[in-house]
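**Q** One structure, as structure tokens, below. Some questions next.
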Amino acid sequence: MLDVRSDEPEYSFLWDKETKAVNQHGNLIDLIDEDSELHCQSLNINGDPGIGDNPNRYKQHGFFLNADNCIGCHACEAACSEKNDNPAHIAFRSVGFVEGGTYPDYQRINISMACNHCDDPVCLKGCPTRAYTKYAEYGAVLQDPDICFGCGYCTWVCPYNAPQLDPVKGQVTKCNMCVDRLEVGLKPACVSACLGNALDFGVVENIPENRIEAKTAIPGFPTTDITQPNIRFQQTRSTHREMTRTDAMPLKYHKDDSVGIFKPKVDKKRGEKKHYNWRKLLTSHESAHVIFTLSTQAVLGAFLIIVTAGLFNLEALTPLNSTAVKLPLLGSMFVMLTYGLFKLNMHLGKPHRFYRGFNNLRLSPLSREIAGVSGFYTFLMAYGFFSIFDNALCHFLANASGILGALSGLIGLYYMYKIYRIKARPFWNHWQTGSAFLGNTLSYGALLTGLISLPLLSPEHSLLALTSPLMALVALGLGLELIGHIAHSRAMSSLENEGAASWYLQTTQYGKAWITRNVLLGLSFSLALLLLLTTPSGSLAFIGWTVLAVLMISAGAISRSLFFVLVIPTTMPGAFFWKNKAFEEHARESGLVDMEQVGVVRELHGKFKFDELLETIKTTTPKILFKHIKDIVVWKKIR
């Protein structure tokens with residue numbers, strides 16, 4: 001247990017005596033009954049079997065921020081990082097601010113925030129490895145980085161930017177409520193370090209001494225209805241009706257008098273000029289997800305077509321049952337899906353722990369997607385293997401593998417969609433995500449089938465008969481995607497939250513790329529309808545399919561990249577260093593990214609450069625070289 005110093009100041013000790021029964025969300029503050037088996041169990045902090053004597057040990061605790069007193073000194077942030085030995089690019093607690101008015105009537109509200117140890121922690125539900133646990137002791141939501149494999153999904157679903165993904169170590173870490181200090185009656189380190197007496201801690205809903213209110217909202221604080229966070233605020237000073245963020249995020253907060261809280265609105269700080277920004281768009285950190293989702297959807301669509309042809313003997317799809325066509329098509333699908341899975345796995349912080357993705361099938365949509373896609377991959381291989389042999393048993397096993405593969409693939413596709421229905425990311429939280437995924441499955445699956453199979457068919461295999469259903473699926477998928485984009489555009493442009501801010505960036509910072517996507521998608525749909533109605537043959541058919549493939553692949557790459565680049569999460573204002581995207585862009589241009597101590601662009605720190613790798617290969621012994629290659633495979637230390 002932690003040793004309490006003899007000179008520990010009085011304000012560092014917990015002060016709670018009487019507590020309330022329920023919190024403002026209607027949840028019980030007492031987390032377990034007195035006769036529960038969990039009572040009097042040790043947290044085994046540093047292997048110590050001791051148990052804290054705090055009488056409120058099994059009550060929900062939380063932070064209290066008096067924004068009237070916070071001066072933005074960052075002492076809480078420094079104390080937290082010092083206690084947890086965090087590097088420069090990781091901060092469990094951070095201080096941001098919003099501002100309003102102009103000189104001489106300028107106002108600034110500072111917000112200090114860490115993990116809020118929520119009543120309904122979405123990080124726990126989303127984590128595929130079950131690295132999160134909500135403890136009855138103090139209501140702390142703790143995360144075990146040794147279990148984490150660095151997918152970062154918890155950083156997507158958390159509305160408060162609490163989990164921190166460290167690409168250097170390849171794992172997530174977060175605020176642990178300083179439970180070691182709580183066990184001996186001390187407040188967390190950040191609270192004890194606060195200079196302005198702004199930050200406090202105790203049983204939730206207990207208002208500290210000399211405080212008069214405990215609100216659940218404050219200008220700049222994300223919505224509370226997603227996770228029911230355990231943090232309360234006091235902010236009594238009158239504010240301007242509009243408070244703006246000082247970071248690069250195009251958001252401001254306008255007071256809604258009907259409910260008495262500030263709500264986010266778009267702040268068009270970047271102007272209205274349209275740009276391409278191809279480099280930022282097509283080389284983002286989420287490019288692996290672009291490749292994985294598109295390749296998986298295309299392969300699933302093609303697989304469904306092949307299985308349908310084999311099971312139902314549809315005359316139009318009969319040519320696909322030919323071994324000369326089926327095996328090359330299945331081989332191409334296997335290569336595409338393998339590459340997509342490889343890119344996704346290498347995107348993990350710890351790729352060698354990929355198997356832990358199955359740990360949370362009960363709660364996590366990501367675990368279920370991993371299981372569905374893995375099952376699809378397995379049955380795809382089985383279907384291809386049994387299709388090689390021409391006997392009754394193998395035909396039966398192939399059909400069984402095809403049915404199971406189709407089912408598991410559709411399950412994987414459904415949970416691939418569910419992964420992105422995140423309340424903390426309004427731009428994704430729309431049914432258009434599902435229409436885009438389903439539309440791509442139909443259109444790219446049919447396109448892949450046609451591109452591989454049609455050149456292999458001889459004239460007697462009824463080229464026109466196969467072309468028509470494939471082109472009909474292409475047109476159907478593209479039409480479904482177009483309808484979704486139109487509905488999504490109308491929905492986002494009518495909002496006033498982070499989704500509308502994403503829409504603003506889409507039409508300005510990436511406006512020309514967005515228009516290019518729309519034109520390519522429209523041309524693809526028009527050409528698909530033209531080919532469906534005219535059914536050309538010979539060289540015209542070849543030219544038509546080739547042009548269609550170029551248009552569709554270009555539109556798909558831009559569209560899916562926009563999907564990942566544009567999303568704006570519901571996070572608190574981050575004005576400093578790598579939490580401000582504008583500063584990150586400045587760091588890239590000025591060369592600060594190469595300075596690890598600055599802690600700006602985290603994904604570059606601690607990684608090998610390609611030229612250094614080549615020099616290593618030339619100069620090192622085989623034993624040392626093998627170690628370097630192992631490091632590259634495991635940690636992705638290559639830029």
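**Q** Just checking, how many residues over segment 154-170 are farther than 23 Å from Ile111 by Cβ and buried (at least 24 other Cβ atoms within 10 Å of the Cβ)?
**A** 0
**Q** Looking at Lys273, Lys280, Lys268 in this structure, which one is part of a helix (DSSP H, G or I) and surrounded by fewer than 17 Cβ atoms within 10 Å (Cβ to Cβ)?
**A** Going through Lys273, Lys280, Lys268 in turn, the sole match is Lys280.
**Q** Being crowded, with 21+ Cβ neighbours inside 10 Å and over 20 Å from Gln228 (Cβ atoms) is the filter here, so list the residues in segment 174-185 that pass it.
**A** Across segment 174-185, the qualifying residues are Cys178, Arg181, Leu182, Glu183.
**Q** I'd like to check something: does segment 451-468 contain any residue that is crowded, with 24+ Cβ neighbours inside 10 Å and assigned to a helix (DSSP H, G or I)?
**A** Checked segment 451-468: at least one residue is crowded, with 24+ Cβ neighbours inside 10 Å and assigned to a helix (DSSP H, G or I).
**Q** Which one of these does Ser287 not meet: (1) surrounded by fewer than 17 Cβ atoms within 10 Å (Cβ to Cβ); (2) out of contact with any Leu (no Cβ under 8 Å at 6 or more places or on another chain); (3) of a type in the set (Ser, Thr, Tyr); (4) within 30 Å of Gly445 (Cβ to Cβ)?
**A** (1)
**Q** Could you identify the single residue in Leu505, Leu533 that is assigned to a helix (DSSP H, G or I) and closer than 18 Å to Leu473 by Cβ?
**A** Leu533
**Q** List, please: which pairs have Cβ atoms under 9 Å, are six or more places apart or on different chains, and start with a residue in segment 508-522 that is in contact (Cβ under 8 Å) with a residue 24 or more places away in the chain and end with one that is acidic (Asp, Glu) and assigned to a helix (DSSP H, G or I)?
**A** Leu521/Glu481
**Q** What tally of residues in segment 483-516 results from selecting those that are touching a Ser or Thr at 6+ places or on another chain (Cβ under 9 Å), aliphatic (A, V, I, L, M) and either surrounded by 17 or more Cβ atoms within 10 Å (Cβ to Cβ) or under 21 Å from Leu447 (Cα atoms) (or both)?
**A** Of the residues in segment 483-516, 4 are touching a Ser or Thr at 6+ places or on another chain (Cβ under 9 Å), aliphatic (A, V, I, L, M) and either surrounded by 17 or more Cβ atoms within 10 Å (Cβ to Cβ) or under 21 Å from Leu447 (Cα atoms) (or both).
**Q** Only residues that are assigned to a loop (DSSP other than H, G, I, E, B) and either closer than 19 Å to Cys76 by Cα or of a type in the set (S, T, N, Q) (or both): list them for segment 187-217, please.
**A** Residues satisfying the conditions are Lys187, Pro188, Cys194, Leu195, Gly196, Asn197, Ala198, Asn206, Pro208, Asn210, Thr216.
**Q** Next question. Which number in (1) assigned to a loop (DSSP other than H, G, I, E, B); (2) buried (at least 19 other Cβ atoms within 10 Å of the Cβ) marks the one condition that Pro87 misses?
**A** (2)
**Q** Can you confirm whether segment 571-591 contains a residue that is in a helix (DSSP H, G or I), surrounded by 15 or more Cβ atoms within 10 Å (Cβ to Cβ) and at pLDDT 80 or above?
**A** There is no residue in segment 571-591 that is in a helix (DSSP H, G or I), surrounded by 15 or more Cβ atoms within 10 Å (Cβ to Cβ) and at pLDDT 80 or above.
**Q** Right, here's the next one. If Leu442 satisfies all but one of (1) buried (at least 16 other Cβ atoms within 10 Å of the Cβ); (2) over 22 Å from Met336 (Cα atoms), what's the number of the condition it fails?
**A** Against the list (1) buried (at least 16 other Cβ atoms within 10 Å of the Cβ); (2) over 22 Å from Met336 (Cα atoms), Leu442 comes up short only on (2).
**Q** Got at least one residue in segment 337-357 being in a helix (DSSP H, G or I), without any contact (Cβ under 8 Å) to a residue 60 or more places away in the chain, among the basic types (Lys, Arg) and over 25 Å from Ser468 (Cα atoms)?
**A** Scanning segment 337-357, I find at least one residue that is in a helix (DSSP H, G or I), without any contact (Cβ under 8 Å) to a residue 60 or more places away in the chain, among the basic types (Lys, Arg) and over 25 Å from Ser468 (Cα atoms), so the answer is yes.
**Q** Here are some residues: Gly50, Gly62. Which one is more than 21 Å from Ala162 (Cβ to Cβ) and in contact (Cβ under 8 Å) with a residue 24 or more places away in the chain?
**A** Gly50
**Q** In segment 380-399, which residues are among the hydrophobic types (A, V, I, L, M, F, W, C), farther than 11 Å from Val307 by Cα and in a helix (DSSP H, G or I)?
**A** Met381, Ala382, Phe385, Phe386, Ala392, Leu393, Cys394, Phe396, Leu397
**Q** Quick one: which strands (runs of 3 or more DSSP E) lie wholly within segment 92-148 and hold at least 2 residues that are touching an Asp or Glu at 6+ places or on another chain (Cβ under 9 Å) and surrounded by 21 or more Cβ atoms within 10 Å (Cβ to Cβ)?
**A** 94-100, 107-113
**Q** Given the options Thr227, Thr246, Thr216, Thr236, name the one that is among the hydroxyl-bearing types (Ser, Thr, Tyr) and closer than 25 Å to Tyr504 by Cα.
**A** Thr246
**Q** Against the definition (closer than 30 Å to Met416 by Cα and in contact (Cβ under 8 Å) with a residue 12 or more places away in the chain), how does Val141 come out, yes or no?
**A** Criteria met by Val141.
**Q** Please count how many residues of segment 226-251 are in contact with a Lys or Arg (Cβ under 8 Å, 6 or more places away or on another chain) and under 17 Å from Asn23 (Cβ atoms).
**A** Total meeting the criteria: 4.
**Q** Only residues in segment 577-594 that are of a type in the set (D, E, K, R) count as the first member; pair them with residues that are modelled with pLDDT under 75, Cβ under 9 angstrom, at least 6 apart or cross-chain, and list the lot.
**A** Glu584/Phe577; Glu584/Trp578; Glu584/Val593; Glu584/Val600; Glu584/Val601; Arg588/Val600; Arg588/Val601; Asp594/Leu604
**Q** Okay, next question. Exactly one condition in (1) modelled with pLDDT under 90; (2) over 30 Å from Pro426 (Cα atoms); (3) crowded, with 20+ Cβ neighbours inside 10 Å; (4) not acidic (Asp, Glu) is false for Leu330; which is it?
**A** Checking Leu330 against (1) modelled with pLDDT under 90; (2) over 30 Å from Pro426 (Cα atoms); (3) crowded, with 20+ Cβ neighbours inside 10 Å; (4) not acidic (Asp, Glu), the one that fails is (1).
The values are calculated or read from the model by the stated rules, or taken from the named source; none is laboratory data. Quick caveat, the model's predicted, so the values are computed rather than measured. In this analysis, Cβ positions are derived from the backbone assuming ideal geometry, glycine residues included, and neighbour counts consider all displayed protein chains.
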